[in-house]
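One structure is given here, and the rest of the page talks about it.
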Amino acid sequence: MNYLAVGVVVLSMLAGCAQAPQSAAAAAPRPAPLAPSVDKATALGGQRAAGAPYEVVGSEVWDVKDPVSGRTYQVFVALPASYAESPGRRYPVLYVTDADYAFPLARQIGRRLNVEGPKLQEFILVGLSYVVGDDGVTSRRRDYTPTRKGPSSAPAEAVHGEAAPYITYLREQVLPFVAGRYRTDETQRLLLGHSYGALLGTQILFTDPGLFAGYIIGSPSYWYDKHVMERFERDHASAHDDLPASVYMYVGERETPAFGNDADMVADARRMDAALRAHRYPSLRLQLDVLNDEDHLSVAPRGLTKGLKYLLAADAAK
């Protein structure tokens with residue numbers, strides 16, 4: 001099985017920290033409120049009928065432009081249930097890549113885990129979606145990969161390797177936008193990525209580790225460009241004595257050639273885990289789980305659930 005091709009197709013089908021500088025948050029523009037665009041039933045928490053599209057009630061969608069590339073990306077936001085009633089409270093903020101899939105999934109899992117009492121800290125959820133006008137495959141292939149040497153199975157016209165400018169866009173546009181508009185606790189700024197999204201998350205971890213305090217790295221595509229991310233890891237280690245972050249990494253046990261994959265993603269994840277542990281970084285908190293009976297396409301909900309518990313356990317906030 002070509003796990004990359006299948007994973008990209010499925011994602012497209014599903015689509016249809018260290019403390020940030022306060023000056024950046026203070027300087028961030030505060031956009032005008034969204035104009036009312038939903039009917040009364042939806043505003044009260046229900047859903048419209050008569051064939052109207054289903055929507056994630058209580059969510060917001062913003063266009064946030066990248067002034068360098070000229071591209072406009074969409075950002076989704078969902079606030080915790082207590083947000084309006086707690087005007088003095090700040091909340092952890094979780095950013096998720098591939099938002100068309102991961103945003104509704106993370107929102108519902110986060111809510112469900114707290115149904116019978118608080119298991120997780122409440123958090124602000126931010127979905128990092130794609131360029132307006134792009135399909136998800138095009139955006140993620142370009143923005144989530146570290147080099148231009150994409151897989152041979154990609155179309156000849158495919159663009160890869162623009163993760164570095166995308167990371168700059170996140171740092172200079174998206175994070176200040178969110179911090180300036182919502183009551184985020186910037187010391188608990190977290191990132192979730194799966195597959196290519198996890199490749200992006202790992203690149204951020206090694207090149208701009210202060211951008212996020214915690215990471216959920218799911219089924220990372222470390223095979224990319226002949227394991228180029230291992231060079232990123234070595235470059236970081238050669239210049240730093242520490243890596244201050246909490247990292248939860250997961251991979252499905254079936255993500256190996258024995259189950260039809262083109263690469264051994266389990267071995268890749270274990271090798272990265274071993275390399276990080278070998279440096280004995282004093283501020284690194286790290287866990288890798290190989291989840292039984294899961295493959296590249298089935299593992300994400302389970303990995304996300306375990307990652308949320310790892311990074312946002314309610315008892316850890318006491």
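The values are calculated or read from the model by the stated rules, or taken from the named source; none is laboratory data. Note that the structure is a prediction, hence the values are computed from the model and not measured. Every residue, glycine as well, gets a Cβ built from its backbone with ideal geometry; the counts of neighbours run over all protein chains shown.
Being of a type outside the set (D, E, K, R) and either assigned to a loop (DSSP other than H, G, I, E, B) or at positive phi (or both) is the filter here, so list the residues in segment 121-145 that pass it.
Answer for segment 121-145, where residues must be of a type outside the set (D, E, K, R) and either assigned to a loop (DSSP other than H, G, I, E, B) or at positive phi (or both): Q121, F123, V132, G133, Y144, T145.
Pairs, please: C-beta under 6 Å, at least 6 apart or cross-chain, first residue closer than 19 Å to L128 by Cα and surrounded by 20 or more Cβ atoms within 10 Å (Cβ to Cβ) and in segment 142-171, second at pLDDT 95 or above and of a type in the set (S, T, N, Q)?
Short answer, once both residue conditions are applied: P146/Q203; H160/T145; A163/T145; A163/Q203.
Can you run down the residue pairs with Cβ atoms below 8 Å, 6 or more apart or on separate chains, where the first is in segment 305-318 and of a type in the set (V, I, T) and the partner is outside any helix (DSSP H, G or I)?
T305/L113
Considering only segment 287-314, state which residues are surrounded by fewer than 17 Cβ atoms within 10 Å (Cβ to Cβ) and in contact with a Pro (Cβ under 9 Å, 6 or more places away or on another chain).
A314
State the number of residues belonging to segment 110-146 that are touching an Asp or Glu at 6+ places or on another chain (Cβ under 8 Å) and among the aromatic types (F, W, Y).
1
Quick one: which residue in V247, V251 is surrounded by 16 or more Cβ atoms within 10 Å (Cβ to Cβ) and touching a Phe, Trp or Tyr at 6+ places or on another chain (Cβ under 6 Å)?
V247
Of everything in segment 268-286, what is surrounded by 14 or more Cβ atoms within 10 Å (Cβ to Cβ) and over 14 Å from S195 (Cα atoms)? Give them in sequence order.
Once the filter is applied, which keeps residues that are surrounded by 14 or more Cβ atoms within 10 Å (Cβ to Cβ) and over 14 Å from S195 (Cα atoms), segment 268-286 yields R270, R271, M272, D273, L276, H279, Y281, L284, R285, L286.
Taking G136 as meeting all but one of (1) more than 24 Å from A263 (Cβ to Cβ); (2) buried (at least 17 other Cβ atoms within 10 Å of the Cβ); (3) small (G, A, S), write down the number of the exception.
Tallying (1) more than 24 Å from A263 (Cβ to Cβ); (2) buried (at least 17 other Cβ atoms within 10 Å of the Cβ); (3) small (G, A, S), G136 fails exactly one: (1).
With touching a Lys or Arg at 6+ places or on another chain (Cβ under 9 Å) and part of a helix (DSSP H, G or I) as the only criterion, which of V228, V247, V251 stands out?
Criteria check complete, one pass: V228.
Tell me, yes or no, whether segment 56-66 has at least one residue that is over 26 Å from I217 (Cα atoms) and either at pLDDT below 95 or not in a strand (DSSP E or B) (or both).
yes
Which pairs do you get when a residue that is farther than 14 Å from V247 by Cα and modelled with pLDDT of 95 or more, found in segment 268-286, comes within reach of a residue that is exposed (fewer than 15 other Cβ atoms within 10 Å of the Cβ) and aromatic (F, W, Y), reach meaning Cβ atoms under 6 angstrom, with the pair 6+ apart or on two chains?
Filtered contacts from segment 268-286: no entries.
Quickly run through segment 163-212 and pick out the residues that are assigned to a helix (DSSP H, G or I) and more than 23 Å from M229 (Cβ to Cβ).
E172, Q173, P176, F177, V178, A179, G180, R181
Is one or more of the residues making up segment 250-271 among the aliphatic types (A, V, I, L, M), within 23 Å of V96 (Cβ to Cβ) and within 17 Å of the chain's Cα centre (by Cα)?
Yes: one or more hits.
Give me a count of the residues in segment 269-294 that are over 28 Å from V115 (Cβ atoms) and not in a strand (DSSP E or B).
So the answer is 15.
Could you say whether any residue in segment 97-114 is in a loop (DSSP other than H, G, I, E, B) and surrounded by fewer than 21 Cβ atoms within 10 Å (Cβ to Cβ)?
Yes, that holds for at least one residue.
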